[in-house]
Each structure stands twice: as C-alpha cells, then as structure tokens.
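The structure appears right after this line, and notes come after that.
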Amino acid sequence: MEKSEKFRLIYSIFLGVFTVAVGIAVICVTADIYYSGKGTEVIYSRAIVGERLTALAIPLIFLIAAVIFGAIFPLYKVKASRPPEKILEKLTSRLPQSGDGEEFSVAQAAYKKANTVRLVAWLVALAVVLASLIAVLCYIVNTAHFQSEDITADIFAMVANVLPWLAAAFAASVAAAVVSHVFANRQVAAAKTMIKNGDKATVIQKTEPAFITKLKNIIAKPAFLWAVRGAVGVIAVVFIIVGIVNGGAHDVLVKAVNICQECIGLG
C-alpha cells in the first residue's frame, strides 16, 4: 500500500469517527437543553441554544474544515489504483499449487495466513452485526418499552438502548473492511511471489460452483433490482399504515406542533 493510500485510509477512518462523535455531542447538548428547560415557557430560545452550542463551535469548525479538505484532497491523486480485492480475483486463478525454494513456501504461508485473517475478520463482524440486529429487534418489538405517557422519555430510552448496538455493528463493519483491505494487499504481494517462483504446470483453474454463477446472473438482472425496490416500498407502506393505525402519526404531529411553538415561535 502506497503512502497516499495509507493516508487516505487513516483519514477516512478519522473523519468517520469524528463525525459520529460530533453528532453524539450535538444530540447530548439538545437533550440537555430540553431536560434542563422543562417547566419554562421557552425551552429552545435563541439565547439558550446559542450559549450551549458555543461549546461545540470549535469541533464543528474542525469537522467542516475536515470535510472540505477531504473533498479537495482527491484532486491531487496522481493515478487511480484498483482495489486489492479485484487484483486478487485475477491472481487467484493463476496461483500454482507447488514451487521450489524457501521463497515460495514463505509466500504460500503468508497468503494462507492473510486469507484466514480476512475470513475471521468478516465472520466476527457478521456475528456482531447479527447480535446487534437481534438486540435492537428484541427491544423494539417489546411493546412494554413504549407504553409510557411521556413519549420523549420513551424515545430517549430507545436511543440509549439501541444506539450502542448500532454503533457496535458499524464499528465492527468498518474494522472488518479495514482489516480485509490491509491483508488483501499482503495476499496480492504473496500471490505475485508464488506465481513468480511456483511451478506453472501445477496451476489449477478454479471455477465457481454452478449455483453461485446462477445467483450472480439473477442479481445482475434489472428485474431483480426492481423486485427488491418494490419489496422495500411495500414494507415502507406497511410500516406507515401500522404507524397510522397505532396512533404514531398523531404523536408525530403533536411533537411537530410543540417544536414549532417552542423552537421556531409559531402560534
């Protein structure tokens, strides 16, 4: 991996983590304004909001500057490099099964080790995502968590219980992607060494299973994409109808009215 690629990778991770941190800080400040202002006529006044957000002025300025820098920096990229995963796909079909010399053995061991690390990283990420999904669904499906008359308290309780799981799933996915990218580069280097020092007569052309080929063909069809979009649209409509039936639309309307009256100053 070149220095510029390493810098971009580290910078992308930093920007993502910093954005999430600033977002959480804004949410905490907003919640603090609301709870500390209960019982007063005006909660989100210009003076109160300005005073609280002043503490976040420096992080917000840094975040905006970081986003602008990230948008300008790619302009100085000299050449576009292919992802190591794509390169690895082509090299895999040319890998020899045996070879002479210690260099081939070391490269083969490094290739297998990197492949194992990538697989384990994605399996761990998948386990974390599935566990997070189950935990979130268990909380949301349990109606006992949403029977309080204080809707705001229910929402904040849901955020407190759901957000850590979502953050864990997001962090695990990002970590797996980073680990996979780093070790894919190592696999590419090891594969090139194996091809250079291996016995070309032992190269076995690997073919994917028939059902994988059929699955790829199905996914590539436009009809499948439209079917997925239609399914997502139907699910969205169903959830909207369920929200209207159980009174969720009325609750949202009440909250919107309160925000307009307290924050914007209408009415």
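The values are calculated or read from the model by the stated rules, or taken from the named source; none is laboratory data. Not measured: the values here are computed from a predicted model. Cβ coordinates were reconstructed from backbone atoms using ideal geometry, including for glycine residues, and neighbour counts include every protein chain displayed. Please note that ligands, DNA and RNA were not included when accessible areas were found on the heavy atoms of the full protein model with its side chains. Shrake-Rupley method; radii C 1.70, N 1.55, O 1.52, S 1.80 Å.
What full-extension length gain, to one decimal in nm, is calculated for Val20 and Ala256 as 0.36 nm per residue of separation minus the Cα-Cα distance?
Result: 82.4 nm gained on full extension.
Determine the gain in length on full extension of the stretch Ala57-Arg94; use 0.36 nm per residue of separation and subtract their C-alpha separation, reporting nm with one decimal.
7.8 nm
Mind checking the per residue accessible area of the chain for me, 1.4 Å probe, whole number of Å²?
Accessible area per residue, the chain: 70 Å².
Just grab the label-to-label distance for Leu133 and Leu225, each label 7 Å out from Cα along the Cβ direction, in nm (one decimal).
Rounded to a tenth, the inter-label distance reads 2.3 nm.
Hey, with R₀ at 35 Å, roughly what FRET efficiency would Glu102 and Arg8 work out to, going by the Cβ-Cβ distance, to 0.05?
Values: r = 35 Å, r/R0 = 1.00.
After rounding, the FRET efficiency stands at 0.50.
Counting only protein heavy atoms and using a 1.4 Å probe, what share of the accessible area of the chain belongs to carbon plus sulfur, as a whole percent?
It is 71 percent, rounded to a whole number.
For the chain, find the longest principal axis of its Cα atoms and tell me its angle to the long axis of helix 222-245, 0 to 90°, nearest 10.
It works out to around 20 degrees.
Treat each spin label as a single point 7 Å out from the Cα along the C-beta direction, and report the Phe156 to Ser173 distance in nm.
2.9 nm
Can you pick out the pairs among Lys6/Lys200; Lys112/Lys192; Lys90/Lys221 whose Cα atoms lie more than 22 Å from each other?
Flagged as over cut-off: Lys6/Lys200; Lys90/Lys221.
Separation of segment 215-236 and segment 20-70 by C-alpha centroid, Å?
Comparing the Cα centres of segment 215-236 and segment 20-70, I get a distance of 40 Å.
Take every Cα pair under 8 Å in the chain that's 6+ residues apart, average their separations, divide by the length, and report that relative contact order as a whole percent.
28 percent
Any chance you could give the angle, 0 to 90 degrees and rounded to 10, that helix 151-197 forms with the longest Cα principal axis of the chain?
Between the helix axis and the principal axis of the chain, the angle is about 10 degrees.
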